[in-house]
């Protein structure tokens, strides 16, 4: 996983081997992802005898940033200080933007502006969770690979066609790193550390009791093409083919042929392991895609239908009513109402802390320095 220029290569007095990382926390970030970032970096910093590794935490407006879990983290500095560093060429080697996994945070335009500035300055840009979508919509990731949580991939691909959206844990491009978030963040960080020092990265993994490092190109657990991986090979193959061919669906016969079995054998496998026919399973994947697009985009119903492998908006409505008990527009309206209500509640009460029933103390600003 290649990274951008080091601070030394931009003419500063810092040694070529020194590493500087800026971590921008967005409201609603995943505390799991934050821990997966900080603990390996702290451990790696302790391994370095002849260089320094530093991590500074930045926030947009308020130094105290709340995670989706309700935890408050106090950052070192505000984003304006990060902007000044980038403008003067004294910025970090790597800028990591740690966003929420599912929701959109406030300040998206400022995040996009910082990402564009970092790219112009040759700083490696790493995006976690929803930060991928924010940066992509700003035009920063054109022709670059990117990912997000599997439940958001369909809408990501539809709204950002210029980005190569893929189902993966993390992906690397030309000076950019895209991570789906949550526990995939740990795999991404270990891969980054391996680029810096394979030996020390291995020591970090052992100290964190990490026995298996997942390749970034691995599909995300829970995504449609990964759900039947433990099933017989032919069944898993069929499910994967279906999930990858939703917009232009194949016939059951074509899928069976691609899996090297007969249509009758495929039908028996699906009934035995899923309780459904191949046709019904395929239809459930199409409607899952339709629901994602209805709730996460503003695409017209006709476009949602076509992107979900259905011939018309009326057919989409009928199938939604049969499976979900309401039409496509009602599904979209309910999602918007639910999102507006949640934002209102969080604005009044402060994210998720009251719902968790726990009062959290702020965590002091986190800075890593090797001895």
Taking Cα pairs under 8 Å and at least six residues apart, what relative contact order does region 7-207 come out at, in percent? 21
From the square roots a ≥ b ≥ c of the eigenvalues of the alpha-carbon gyration tensor of region 76-128, which class results: rounded (a/c under 1.5), prolate (a/b over b/c), or oblate? prolate
Between the Cα axis of helix 278-296 and the main Cα principal axis of the chain, the angle (0 to 90°, nearest 10) is 50
Sort 75, 212, 126 so the one with the fewest other Cβ atoms within 10 Å of its own Cβ comes first. 212, 75, 126
Two-decimal ratio, region 86-179, of alpha-carbon radius of gyration to 2.2 N^0.38 Å: 0.99
Quick one: length gained pulling residue 87 to residue 233 fully straight, 0.36 nm per residue minus the C-alpha distance? 47.2 nm
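Take 282, 102 and order them by how many other Cβ atoms sit within 10 Å, fewest up front.
Numbers: 282 25, 102 16.
With the sparsest Cβ surroundings first, the list reads 102, 282.
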By the Cα gyration tensor axes a ≥ b ≥ c (a/c under 1.5 gives rounded; else a/b larger than b/c gives prolate, otherwise oblate), the shape of region 269-340 is prolate
If you average over every viewing direction, what projected area does the convex hull of the Cα atoms of region 224-325 give, in nm²? 6.3
Cα centroid separation, region 44-111 to region 218-256 (Å): 39
Within a Gaussian network of the chain (alpha carbon springs, distance under 10 Å), most fluctuating of 97, 134, 255: 255
Translational diffusion coefficient of region 161-304 at 20 °C, 1.002 mPa s, Stokes-Einstein with Kirkwood Rh over Cα pairs, in µm²/s as a whole number. 121
For a footprinting-style exposure proxy, rank 273, 149 by other Cβ within 10 Å, fewest first. 273, 149
Residue 142 to residue 334: extension gain in nm, 0.36 nm per residue of separation minus the Cα-Cα distance? 65.9 nm
Cα axis of helix 198-207 to longest principal axis of the chain: angle in degrees, 0 to 90, nearest 10? 80
Compute a Gaussian network model of the chain, connecting alpha carbons closer than 10 Å, and tell me which residue from 95, 34, 209 fluctuates the most. 209
Relative to the longest principal axis of the C-alpha atoms of the chain, give the angle of the C-alpha long axis of helix 233-244, reported between 0 and 90° and rounded to the nearest 10°. 80
Out of 220, 265, 296, any idea which swings most in a Gaussian network model of the chain, alpha carbons joined below 10 Å? 265
Below 8 Å between Cα atoms, with a sequence gap of 6+, how large is the relative contact order for region 224-325 in percent? 22
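Please say if region 7-207 is rounded, prolate or oblate, where rounded means a/c under 1.5 for a ≥ b ≥ c the square roots of the C-alpha gyration tensor eigenvalues, and otherwise the choice is prolate for a/b larger than b/c and oblate otherwise?
rounded
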Calculate the tail of P(r) for the chain: the fraction of all Cα-Cα distances greater than 40 Å, expressed in %. 21
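FYI, it's all coordinate maths here, none of it is from the lab. All values reported here derive from a predicted model rather than from experimental measurement. Cβ sites come from the backbone with ideal geometry, for glycine too, and all protein chains shown count toward neighbours.
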